[in-house]
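Worksheet: one structure, shown below.
The values are calculated or read from the model by the stated rules, or taken from the named source; none is laboratory data. Model, not experiment: these values are computed from the prediction. Using ideal geometry, Cβ is built from the backbone for each residue, glycine included, and neighbour counts are taken over all protein chains shown. Each accessible area value is taken on the protein alone, full model and side chains, heavy atoms only, with ligands, DNA and RNA left out. Shrake-Rupley method; radii C 1.70, N 1.55, O 1.52, S 1.80 Å.
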Amino acid sequence: MQKVRSDEISKYIGSDVYDEFGRQLGTLVAAQSNIDGWVEEVAIKIADKSIEVVEGDRVKISDGKVLVVPEWKYEITKLIDNLDRAYKKRKAVEAITGSSDLPSVVIDPIKKTVEDEIKALKIKAEEVRKGVVERLRQIEDEELRVAKALAMIRIAYFSGEVGERAYNQGVNSLRKVQDALSEEKKAAKDLLDRLEKILQMSAEPAKAEAAKKEEAQAAVEQPAVAQAQTPQALVVKIES
């Protein structure tokens, strides 16, 4: 994700901050940048109650608005990108392995480093997956609360307790929440699918190696089996 510069974010101090699904998070009240001018953290005032500090990598500016990428999405997207780069690097190392001008003393440490990186990323994937699954559970709980609120306002409207204007305003607000939750749920499921597919790539070299071993074993066993199945010639001794 492209970082934001301090001169860009400073224009939005005092402005509303939203998440990627259109929900207002609060008001941007401060930003901290490094010596190179890239934003490291921003402070967001949440409904006059608290201040939330968000790392700069999760902040972006789009269509004149300051947006914050949800933490679960930031983590899984970064993981997918890192896994993709690691697998491409492994394929590159495999492609040059066995080259006559590159001795194993050079290639083997590189190969081990790449495999160690992939192993660490796969361990991280379990943690990230759990976080996204938990967020999906929270979304489903929120969807139930929205559905309950819709039922409540409809009952109040049809029983004459609230007027049409108040009813329409309430329903429209709840619909916006409902749409945002639906969009977030879809994004979470899509990214989980992408993560599962890219993790399957880690099994490809192991499967290929296992297939080679099976072929080699079959090549050794086949002559022995053929010899065992070949009928022995019958030798008849004739005495004079």
Exactly one of (1) open to solvent by 40 Å² or more (accessible area, probe 1.4 Å); (2) among the small types (Gly, Ala, Ser); (3) touching a residue at least 24 places away in the same chain (Cβ under 8 Å) is unmet by Ser62. Its number? (3)
Does Arg90 count as crowded, with 16+ Cβ neighbours inside 10 Å, out of contact with any strand residue (DSSP E or B) (no Cβ under 9 Å at 6 or more places or on another chain) and under 22 Å from Arg23 (Cβ atoms)? no
Give the residues of region 134-176 that are in contact (Cβ under 8 Å) with a residue 60 or more places away in the chain and buried (at least 16 other Cβ atoms within 10 Å of the Cβ), sorted by residue number. Arg135
Per the filter on region 1-36, residues touching a helix residue (DSSP H, G or I) at 6+ places or on another chain (Cβ under 9 Å) and either without any contact (Cβ under 8 Å) to a residue 40 or more places away in the chain or assigned to a helix (DSSP H, G or I) (or both) are Ile9, Leu28, Ala31, Gln32, Ser33, Asn34
Modelled with pLDDT of 95 or more, under 21 Å from the mean Cα position of the chain (by Cα) and more than 26 Å from Asp193 (Cβ to Cβ): does that describe Val59? yes
Suppose we keep only residues that are surrounded by fewer than 16 Cβ atoms within 10 Å (Cβ to Cβ) and among the small types (Gly, Ala, Ser) within region 9-59. Which one would you say is nearest to Glu184 (Cα to Cα)? Gly22
For the list (1) in contact (Cβ under 8 Å) with a residue 12 or more places away in the chain; (2) part of a helix (DSSP H, G or I); (3) over 30 Å from Ile107 (Cβ atoms), I need the number of the one condition that Val39 fails. (2)
Would you point out the residue of region 73-103, among those that are modelled with pLDDT under 90 and among the hydroxyl-bearing types (Ser, Thr, Tyr), that is nearest to the chain's Cα centre (by Cα)? Thr97
Which condition number does Val53 fail, the rest of (1) over 30 Å from Glu127 (Cα atoms); (2) outside any helix (DSSP H, G or I) being met? (1)
Looking for whichever is among the hydrophobic types (A, V, I, L, M, F, W, C), modelled with pLDDT under 95 and open to solvent by 90 Å² or more (accessible area, probe 1.4 Å) here; the options are Val235, Val225. Which one fits? Val235
Only listed residue being within 27 Å of the chain's Cα centre (by Cα) and farther than 23 Å from Ile139 by Cα, chosen from Glu20, Glu41, Glu52: Glu41
